[in-house]
Protein chains: 4
Amino acid sequence: MTARREKAAVEANTGAAEPRRLGIGLIGGGFIGRAHAIALRSLPLQAFPPAALPELRVVAEATPELAGQAARRLDIPDATGRWEEVVERDDVDVVAVATPNSMHRDVVLAAVEHGKHVMCEKPLGVDAKEALGMYRAAEAAGVRHYVAFNYRRVPAVTFARQLITEGRIGAVHAFRGKYLYGGNTDPSVPLGWRHRRSEAGGALGDVGSHVVDLARFLVGEISEVTSATRTWTPRRPLSPGSTEYGDVGTDDEGAMLLGFRNGALGVVQASTCAPGRYNNLSFEINGELGSVEFDFERMNELRVYLSDDPRQLQGFHTVRVAGAHPYGPFFYPENDGFGVAFTETKVIEWHEFLGALVHGEPVQPDFYDGYVANCIIDRATSHQSGWVPIEEEPREASR
Amino acid sequence: MTARREKAAVEANTGAAEPRRLGIGLIGGGFIGRAHAIALRSLPLQAFPPAALPELRVVAEATPELAGQAARRLDIPDATGRWEEVVERDDVDVVAVATPNSMHRDVVLAAVEHGKHVMCEKPLGVDAKEALGMYRAAEAAGVRHYVAFNYRRVPAVTFARQLITEGRIGAVHAFRGKYLYGGNTDPSVPLGWRHRRSEAGGALGDVGSHVVDLARFLVGEISEVTSATRTWTPRRPLSPGSTEYGDVGTDDEGAMLLGFRNGALGVVQASTCAPGRYNNLSFEINGELGSVEFDFERMNELRVYLSDDPRQLQGFHTVRVAGAHPYGPFFYPENDGFGVAFTETKVIEWHEFLGALVHGEPVQPDFYDGYVANCIIDRATSHQSGWVPIEEEPREASR
Amino acid sequence: MTARREKAAVEANTGAAEPRRLGIGLIGGGFIGRAHAIALRSLPLQAFPPAALPELRVVAEATPELAGQAARRLDIPDATGRWEEVVERDDVDVVAVATPNSMHRDVVLAAVEHGKHVMCEKPLGVDAKEALGMYRAAEAAGVRHYVAFNYRRVPAVTFARQLITEGRIGAVHAFRGKYLYGGNTDPSVPLGWRHRRSEAGGALGDVGSHVVDLARFLVGEISEVTSATRTWTPRRPLSPGSTEYGDVGTDDEGAMLLGFRNGALGVVQASTCAPGRYNNLSFEINGELGSVEFDFERMNELRVYLSDDPRQLQGFHTVRVAGAHPYGPFFYPENDGFGVAFTETKVIEWHEFLGALVHGEPVQPDFYDGYVANCIIDRATSHQSGWVPIEEEPREASR
Amino acid sequence: MTARREKAAVEANTGAAEPRRLGIGLIGGGFIGRAHAIALRSLPLQAFPPAALPELRVVAEATPELAGQAARRLDIPDATGRWEEVVERDDVDVVAVATPNSMHRDVVLAAVEHGKHVMCEKPLGVDAKEALGMYRAAEAAGVRHYVAFNYRRVPAVTFARQLITEGRIGAVHAFRGKYLYGGNTDPSVPLGWRHRRSEAGGALGDVGSHVVDLARFLVGEISEVTSATRTWTPRRPLSPGSTEYGDVGTDDEGAMLLGFRNGALGVVQASTCAPGRYNNLSFEINGELGSVEFDFERMNELRVYLSDDPRQLQGFHTVRVAGAHPYGPFFYPENDGFGVAFTETKVIEWHEFLGALVHGEPVQPDFYDGYVANCIIDRATSHQSGWVPIEEEPREASR
């Protein structure tokens, strides 16, 4: 969002304006679909007038029954068991795609064919080829497109980018990113989409793609990669408690070294088997003049080190990201300590997309960003040829 | 909420039920009124079926113009410049009181007279006498009443209470609570309600009352108090930038020692002039078998120390309060790292109140709790006779 | 230490100088006596030339056998079962008093009578009357005296004082200090000196006295106090596992409100029964322009908040106290991350005392500071009349 | 140290034993030589009787003048400008090698030829070939040898290893290690040994070697590596402020992916250009049943997560490593909060080495461990062939 527009929005927040209404069709009423619904519902009530009033008009699920339940639960007027109906409706301006990853392509291609703008969950495609096709189709159709890499929209992350862009930490030298959680550690967790490459599962492909997107957002384009992966549990029960097992086709854990075009060095770690980590999306960035550090588990804080602080006072500033920072005036400008959580990242995401759509301004991350993330993950998970063996002499027998 | 009811609610979350609809009338469309509106709007979409579907039907503000703006901003169908209309409406079942503190009494008394259930912001009264009258009137009218000490509803705080109630830290010895923020530090901040005793301002009276409520919630009833206060800026401009000044009638900073009926010792600190603190509501509780520690600025964590951990592993557990904890299944049970923020405390508050109302179950904090908090603050701010002078001999001249 | 002298010392650190040798006599070879011995032994090897080379010449213990063991363990040439011999020896210039608290007076009075300079452990006296006598005797004898409130000498604490003295946080408004540990929580811990008032035990009197000293060091003189104490375990076994019990005569837990002469408000909490705390000497100080925060459990860090930081960058700086800070050049100036621990506070303490002695400069904390701490603790533990009862109306029966 | 021997030592701590005296010759009186001297001086005074009483008898420096200064500063009786004299002296049992890295080989080979036991600073050799020669020579001579990877001896690190060895976190899956500091960030820092490959400089080679050693200590042998490095400042002034510049021959920053023989995946990051980091040697280890986390900047803490904690209490335990942990009884067993710092790691290192020497027990890290670290660093800094290019399609022109 441009500073100009943000300022205007906040100043104009008298409730007097009558913003345009946009119909939203939600495809997928599960966990992340619900997050979108909550965000769309509370967006107009935040402390800034939205560029447009989003109205959830229909939800699609796998069956009419599931769709009906989702509609009731999410307070949406219409429901359908056929997602095609959503993209065909005249009263739907924007389609929100919250389906399993492997369905993204078909839904997105149909939506853009019908001239709908699209908010699509990440990863955009199951591979770069799919994603490139979606990007090109959306561009050809002239619709607006957005890929839901919502962690760019954590206020502290956007603030980190602001500091980097302003040159406060100088040229970036190192990006150290991680996304760790532990939900997959237990071998009795059954096979699911996260264990299938065809559904864009895996540690690097799923959570790792968020880190790759932040690396690009914060540091710049990536020119080369080397990586390593591990699968700790090669076979898992087909369902909870089942004695039938299937093969796991993805990594439980992966790491990448990244070379950025601007010369910076990156390290990305992703794991779904890290006990004690819940949503540990974190990064440290070192530049020639300072450093920034972030951890989603304390998402309202950005730690900033500036070498030009007076010598005795140098130390990471633990900045409470709030009213004075990006998106700060939108939530509770009266109290800098109230904080935001995951939901607010989805609120901001919609705020950015709808604002760009109404005002005809550019917006990112779009499908191109989704495509590039797919490119990098494809390379990282398919090429791992860089190992050099360690061949030390043995310890002497006497010891 | 009873465990039985919570379990039933989560299990029943199929979207098939058709819960009762309750009309809500909001009086006061400012900062905290907006928080209630957002909470009421997103409550039905959380991962549990609400006991009732709240519907915001009318908002009152000081003038018809302000009311109209609030209605548009908060997406509420009706607006009025006379709050009396809200309490008189047949389609209003529950009145939410988000007015300046000094108006609480009149609004509440009128609401209960009309048989409305009432959610009232804290502090309930400007003093204990007022609060007692409100409590007795609500009881006499047979309506349900709730005072918005929302910090009880931080999941980590409710979990702390669970641990204490279960005896996990044994008998409580010490309660060390604080609520510090820095918004009042700058002497150019103009006079406002926070600087007037008649509007329940002051550090102890405003933010301190939250700590007192948590002390009672977590440790038990308080039998005695001693206290001290300071006013750092005795006169403030009447408005921003004004050269006219008025007297500050309240404390900028206060501290209390508390004696609990069960013998525990409490220390409460409150400040509106603590640079670097934003919403630092925090406490440490030491018991005979362990300790718990909480800080709202990291509200998704509870730190727990248990003396019965194996000797080498003793240390505060930094528990990420989420799916396995109170209210955990309500938000994003799929991801323990997504967290909650201030808004969710208001969601839970309404969830508790509406659930109790529909099911005829008891609920706290109610007006009685509001009254007791007022009692303690009254005593703490009016009696400060406990000082003993220090009269040391002077240092020898030679040094 | 003056900046001038410190600079000279560091510059002169070529090893060429031949500093004066001072004979030290240690009375008490237990835990804290050993700490003094280690400090005296390593002081000359630090990265600065000491003003004097201390030489431990004799140690006294309760019996000749214990003294001999201590001498061997601490590598001290002579040993004696009569402490009087130490204060009489011609080759002893400075007496280090590390006896039980109740012996401090007799040892100190004898030492100063023989013209010895004295380093005495805290608390100086078991009460203010004793301490005043010791202070006056030392002054009358013209010897140098130092009371081992070693936490003033934590580099981060000295740095905090520097910032306050320089006005970096403006006038001090609030001092919030604590010293919590858990070693006394278990009721089977047997009776010891910490449980006897005549030996200056108790939470306020023992660990609390350190906080009071820091309050004076950092904020200024104290003019009034109110307090409350608790004894959780009124009777304890006479020895480990014993079935014979004796009365505990001291507090396990205490809290004080302090009024400073400069108007600041202080809160001091002390506990020997805080599970999970080990040596949690910590404080937060709020001033009109900023705040500082310290916790001995992370003693190499000072957290500093400055209101004049740019708005977006405001946040506590976690300063690694090292080479650029007080005493920083003394330890490992080559690496700011190596840190110091408890031992180094005793090294600095001796460095300060011996430097002042050799150069004839003033030094603090001296016996006067010890006396004032005793005054405040005396008042806090003997007068607790400030309580105001809370007498709320009961909850209505219907609930 | 074996548990049996440790127990015996502590029990026997009566001061009555008369341990064997061992002569130590120190070669190199700079920064790290001084650390050894302080450690040797305070070792006998710790709360356990040393297996042997070390006596520093001679120090060698580059010239007789420097040696004399070092001797006075470090309180060592003899000094020499020829290191060869140290290894030839009959009263020297153990040679401590604290010279520039490039001298290690010559000094060590001479020392073992004269039958001296050797404590050598890290890295053992400037490359694996050198180190292998030193190892084989020491073994052939039958002397004891130790390489000063002192971070193994941080009590929290030794405790981490104990937990892993006991199986408390199950099979190790991931090792995430870092050693970051910022001392080299400023381009005006002049050329020094850290910038010359022939002196074992560079981020990976210098600080990175500590992480590699901990990886082996904590997880096991390493079978393969891939890596990437960067040099941010390719030319530096020859001396402070000089206008003459020389080429930097080493990396300022490096990262490695490690494959362990047991299947675990490792990531190692090393930087000398990380603003805000001082001695940030840190690691996180994830196993199938738990995790451990350590940061030298808070070296008295180990964070431990155990999946078998009760569900609601799961969370990292912040364990204060002290009396109940490895080496805990050695320092201040009376107070678990007093902590240790860098110096104590050198005390423990000597304690381990002298104990093994006197008792004829094995000890690690020895020269073999030094050699293996050299092997891995050699490979990591010389082979970097694993990169895969990212070749994404360009963004469409329209955007």
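On average, how much area does the Cα convex hull of chain A cover when viewed from any direction, in nm²?
Dividing the Cα hull surface by four gives the mean projection, 25.0 nm².
Can you list the copy-to-copy distances for B:L53, using a point 7 angstrom from Cα toward Cβ, in nanometres, shortest first?
1.9, 8.8, 9.0
If you take the beta carbon distance between D:E334 and C:K129 as r and set R0 to 45 Å, what does 1/(1 + (r/R0)^6) give as a FRET efficiency, to the nearest 0.05? Before the final figure, lay out each step's value.
Values: r = 29 Å, r/R0 = 0.65.
After rounding to 0.05, the efficiency reads 0.95.
Measuring with a 1.4 Å probe in the full set of protein chains, what accessible area per residue, in whole Å², belongs to the range C:210-266?
Result: 33 Å² per residue.
Once phi is turned into θ = phi - 60°, what whole-Hz ³J(HN,Hα) does the Karplus curve with 6.51, -1.76 and 1.60 give for every residue of the range D:84-92, x standing for Gly and Pro?
With the stated coefficients, the range D:84-92 comes to 4, 4, 5, 6, 8, 5, 5, 8, 9 Hz.
Before anything else, pin down the relative contact order of chain D: Cα pairs under 8 Å, at least 6 apart, normalised by residue count, whole percent.
Values: 851 pairs, mean separation 73.8, N = 399.
So the answer I get is 18 percent.
Which residues of the range A:288-308 end up with at least 40 Å² less accessible area in the presence of all protein chains than when their chain stands alone, using a 1.4 Å probe?
Hits at the 40 Å² cut-off: A:E297, A:R298, A:Y305.
Can you compute the radius of gyration and Dmax for the range D:251-350, using only the Cα atoms, both in Å?
Final numbers for Rg and Dmax: 16.4, 46 Å.
Which value, in Å², gives the accessible area per residue of the range A:125-181 when a 1.4 Å probe is used on the protein heavy atoms?
So the range A:125-181 comes to 28 Å² accessible per residue, rounded to a whole number.
When Rg is the radius of gyration of the Cα atoms in the range D:88-243 and Rh is its Kirkwood radius, what does Rg/Rh come to?
On the Cα set of the range D:88-243, Rg over Rh gives 1.02.
Could you tell me the center-to-center distance, by alpha carbons, between the range D:59-123 and the range C:90-121 in angstrom?
Between the Cα centre of the range D:59-123 and that of the range C:90-121, the gap is 42 Å.
Please give the Cα centre distance for the range B:320-399 versus the range B:221-284, rounded to the nearest Å.
Centre-to-centre distance over Cα atoms comes out at 15 Å.
Compare C:E352, B:E65 by solvent-accessible area with a 1.4 Å probe and give them largest first, with all protein chains kept in place.
Numbers: C:E352 10, B:E65 120 Å².
Ranking C:E352, B:E65 by accessible area, largest first, yields B:E65, C:E352.
Quick one: net charge around C:R82, please, counting Lys, Arg +1 and Asp, Glu -1 for every other residue with C-beta under 11 Å from its C-beta.
Once all neighbours under 11 Å are counted, the net charge is -4.
Can you check what the net charge comes to around C:D369, using other residues whose Cβ is under 10 Å from the Cβ of C:D369 (Lys, Arg +1; Asp, Glu -1)?
Net local charge, C:D369 excluded: +2.
If R0 is 41 Å, what FRET efficiency do you get for D:D91 and D:Q162 from their C-beta distance, rounded to 0.05?
0.60
If I compute solvent accessible area with a 1.4 Å probe over the protein chains, what percent of it on the protein assembly as shown is carbon and sulfur?
In the protein assembly as shown, the share of accessible area belonging to carbon and sulfur is 49 percent.
Place the label 7 angstrom along Cα→C-beta at D:G115 and in each other copy, then list the distances from the first to the rest in nm, shortest first.
Shortest to longest, the spacings are 5.4, 9.9, 10.8 nm.
So which residue of C has the beta-carbon closest to the axis that swings C onto A, and how many whole Å away?
C:H317, 3
Which distance in nm do the two modelled labels at D:M103 and C:E221 give, with both placed 7 Å along the Cα-to-Cβ direction?
5.8 nm
What are the residues of the range B:65-89 that lose 10 Å² or more of accessible area, with a 1.4 Å probe, going from their chain alone to all protein chains?
So the qualifying set is B:Q69, B:R72, B:R73, B:L74, B:D75.
Using only Cα atoms, what Kirkwood radius does the range A:177-219 have, in angstroms?
11.4 Å
How fast does the range B:154-242 diffuse by Stokes-Einstein, in µm²/s, taking the Kirkwood radius from C-alpha pairs at 37 °C and 0.692 mPa s?
Result for D is 210 µm²/s.
Which order do C:E361, D:E85, D:E349, D:E61 take when ranked by solvent-accessible area (1.4 Å probe, heavy atoms of all protein chains), largest first?
Working: C:E361 30, D:E85 80, D:E349 0, D:E61 50 Å².
The residues order as D:E85, D:E61, C:E361, D:E349, largest area first.
Using 1/(1 + (r/R0)^6) with R0 = 35 angstrom and r between the beta carbons of D:R311 and A:Q364, what's the FRET efficiency to the nearest 0.05?
After rounding, the FRET efficiency stands at 0.30.
Between C:E396 and the same site in the other copies, what are the distances in nm, shortest first, taking label points 7 Å from Cα along the C-beta direction?
6.7, 7.1, 9.0
Roughly how large, in nm² to one decimal, is the mean projection of the convex hull of the alpha-carbon atoms in the range A:55-177?
9.9 nm²
With heavy atoms of protein chains only and a 1.4 Å probe, what residues of the range C:313-340 have at least 40 Å² less accessible area in the full set of chains than alone?
The answer is C:L313, C:F316, C:H317, C:T318, C:R320, C:A324, C:Y332, C:E334, C:D336, C:G337, C:F338 - residues whose exposure falls by at least 40 Å² when every protein chain is included.
Okay, helix-only estimate at 222 nm for chain D: each DSSP H run of n ≥ 4 adds -39500 (n - 2.57), divide by all residues, round to 500 deg cm²/dmol; what do you get?
Here the helix-only value at 222 nm equals -9000 deg cm²/dmol.
Put a dot 7 Å past each Cα toward the Cβ at A:S198 and B:S242; how far apart are the dots in nm?
7.3 nm
Å³ per residue of the Cα convex hull, for the protein assembly as shown?
Convex hull volume per residue, Cα atoms: 178 Å³.
B:R235 versus C:E113, label points 7 Å from Cα toward the beta carbon: distance in nm?
That separation, rounded to one decimal, is 6.2 nm.
Need one value for A:197-207: mean number of C-beta atoms belonging to other chains within 10 Å of its residues' C-beta atoms. Provide the component values of the computation, followed by the final result.
On the way: counts 0, 0, 0, 0, 0, 0, 0, 0, 0, 0, 0.
Taking all residues of A:197-207 together, the mean is 0.
May I ask for the equivalent-ellipsoid semi-axes of the range A:222-302, computed as the square root of five times each C-alpha gyration tensor eigenvalue and listed largest first in whole Å?
Three semi-axes, in Å: 33, 19, 7.
May I ask which of C:K178/C:K346; D:K116/D:K346; A:K178/B:K178; C:K116/C:K178; A:K116/A:K346; C:K346/D:K116 have a Cα-Cα span longer than 28 Å here?
In this structure, A:K178/B:K178; C:K116/C:K178; C:K346/D:K116 exceed 28 Å between Cα atoms.
Ignoring ligands, DNA and RNA and using a 1.4 Å probe, state the total buried accessible area between A and B in Å², rounded to the nearest 100. Could you put the intermediate results ahead of the total?
Values: alone 18810 and 18820 Å², together 33740 Å².
For chain A against chain B, roughly 3900 Å² becomes buried.
Using a 1.4 angstrom probe and counting only protein chains, how large is the accessible area of D:I38 in Å², to 10?
10 Å²
The values are calculated or read from the model by the stated rules, or taken from the named source; none is laboratory data. Treat the numbers as computed from the prediction; the structure is a model and nothing was measured. All Cβ positions, glycine included, derive from the backbone under ideal geometry; neighbour counts span all protein chains shown. Accessible surface areas use protein heavy atoms only, side chains included; no ligands, DNA or RNA. Shrake-Rupley method; radii C 1.70, N 1.55, O 1.52, S 1.80 Å.
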